[in-house]
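Report on one structure; see the data block that follows.
Please treat every number below as a calculation from the coordinates, not as lab data. What you see is a predicted model, and the numbers here were worked out from it, not measured in a lab. A quick note on method: Cβ atoms are made from the backbone with ideal geometry, for glycine too, and the neighbour counts reach across all protein chains shown.
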Amino acid sequence: MNKIFIEKRSGEAGFGLVEVIVSLTILLMVILGFNHLSNMAFMSWENAKNKAVAYNIIQDTFEDIRNQRDANVNNPGVGWFENLSSLSGLEEQVDDFPLFTKKIIIEDIPTILGGVDLPDSKKKIIIEVFWKERLGDRSLKSETYLTDWRGKY
């Protein structure tokens, strides 16, 4: 008869409960760290995407205003800024991007040449775009200057 004896040695007892809990805790911390990192990466990507859209909205609005100004400059019967003055204070939702709202502010810049005041010869255009995202309310603002190209002097 063969009898198998299993001897239990103190060094070969296997993993204890403390070791298992410690290893699971370390593994959980690593997984939570990667989860947090991926969430922050996604929020940063979303913020960058929204900023790019806002910059494009601002640039498109500036181009529209410049095109209207140029069309007025070529028409001698119309003031160079005639159709654009109604845009000041306008706050509207952007058609293609419903999360975005743009606001246009037009200010008159006083211009004096040779001691003579030249009204409506220079305008400051400010465009601000607003949107909401997970990190809160965001906005971008840009400004440019437009001048009357027709000679008054």
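For this structure, a couple of remarks:
- As an equivalent ellipsoid, region 17-147 spans semi-axes of 52, 14, 10 angstrom, where each value is the square root of five times an eigenvalue of the C-alpha gyration tensor, largest first.
- Here the Karplus curve 6.51 cos²θ - 1.76 cosθ + 1.60, taken at θ = phi - 60°, turns the phi angles of region 130-146 into couplings of 10, 7, 10, 8, 4, 7, x, 6, 10, 7, 10, 9, 9, 9, 8, 10, 10 Hz, with x standing for Gly and Pro.
- Relative to the longest principal axis of the Cα atoms of the chain, the long axis of helix 17-73 lies at roughly 10 degrees.
- Peptides 61-69, 28-36 ordered by packing proxy, namely the average of other Cβ atoms within 10 Å per residue, highest first: 61-69, 28-36.
- Helix-only [θ]222 nm of the chain, DSSP H runs n ≥ 4, -39500 (n - 2.57) each, per residue, nearest 500: -14000 deg cm²/dmol
- Gaussian network model of the chain, Cα within-10 Å springs - most flexible of Ile104, Ile112, Ile21: Ile21
- Highest-fluctuation residue, Leu90, Leu17, Leu99 considered, GNM on the chain with Cα pairs under 10 Å: Leu17
- Taken about its Cα centre, region 17-147 carries a charge dipole of about 320 debye when Lys and Arg each add +1 at the Cβ and Asp and Glu each add -1 at the Cβ.
- Of Lys49/Lys102; Lys49/Lys141; Lys51/Lys123; Lys49/Lys103, pairs whose Cα-Cα distance is over 24 Å: Lys51/Lys123
- The residue among Leu37, Val53, Ser139 whose Cα reaches farthest toward the positive pole of the charge dipole of the chain, with charges on the beta-carbon of Lys, Arg, Asp and Glu, is Leu37.
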